Amino acid sequence: MLNSLVRKNLAIGLVITAVMTTLSVFMADDGSKMAEFKMSLMVGFLVTGAVTGGTWLLQRKRAAP
């Protein structure tokens with residue numbers, strides 16, 4: 001079961017990813033909307049995964065006897 005801090009980081013990361021992707025697509029005016037969409041999603045998910053995974057590892061380490 002995920003701890004509350006991990007869930008909080010995951011939720012915040014997904015919201016930031018959605019906002020960043022939306023802004024990138026709206027700001028892309030050179031016809032590369034799909035490329036911007038894919039790049040923003042990829043970067044957002046990678047950063048969210050890294051932060052959430054790091055938090056999970058730290059909490060797991062602290063809980064170890």
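The values are calculated or read from the model by the stated rules, or taken from the named source; none is laboratory data. All of these numbers come straight from a predicted model, not from anything done at the bench. For the accessible areas, the whole protein counts, side chains as well, though only heavy atoms, and no ligand, DNA or RNA atoms are used. Shrake-Rupley method; radii C 1.70, N 1.55, O 1.52, S 1.80 Å.
Once the 1.4 Å probe is applied to the protein heavy atoms, region 1-59 comes out at 72 Å² accessible per residue. Annotation: lysines with alpha-carbon distance below 22 angstrom to Lys61 (same-chain offsets under eight excluded): Lys8.
Potential lengthening of the chain between Ile16 and Ala28 amounts to 2.5 nm, from the contour at 0.36 nm per residue minus the alpha-carbon distance. For region 34-42, the Karplus equation 6.51 cos²θ - 1.76 cosθ + 1.60, evaluated at θ = phi - 60°, returns couplings of 5, 5, 5, 4, 5, 5, 5, 5, 4 Hz by residue, with Gly and Pro reported as x. These residues, Leu58, Leu10, go from largest to smallest accessible area, 1.4 Å probe, as Leu58, Leu10.
When you restrict to C-alpha pairs under 8 Å that are six or more residues apart and normalise by the size of the chain, the relative contact order lands at 43 percent.
As an equivalent ellipsoid, the chain spans semi-axes of 32, 10, 6 angstrom, where each value is the square root of five times an eigenvalue of the C-alpha gyration tensor, largest first. Helical runs (DSSP H, four residues minimum) scored at -39500 (n - 2.57) apiece and divided by the length of the chain put the mean residue ellipticity at 222 nm at -30500 deg cm²/dmol. How large, in percent, is the carbon and sulfur part of the accessible surface of the chain at a probe radius of 1.4 Å? Carbon plus sulfur share of accessible area: 72 percent.
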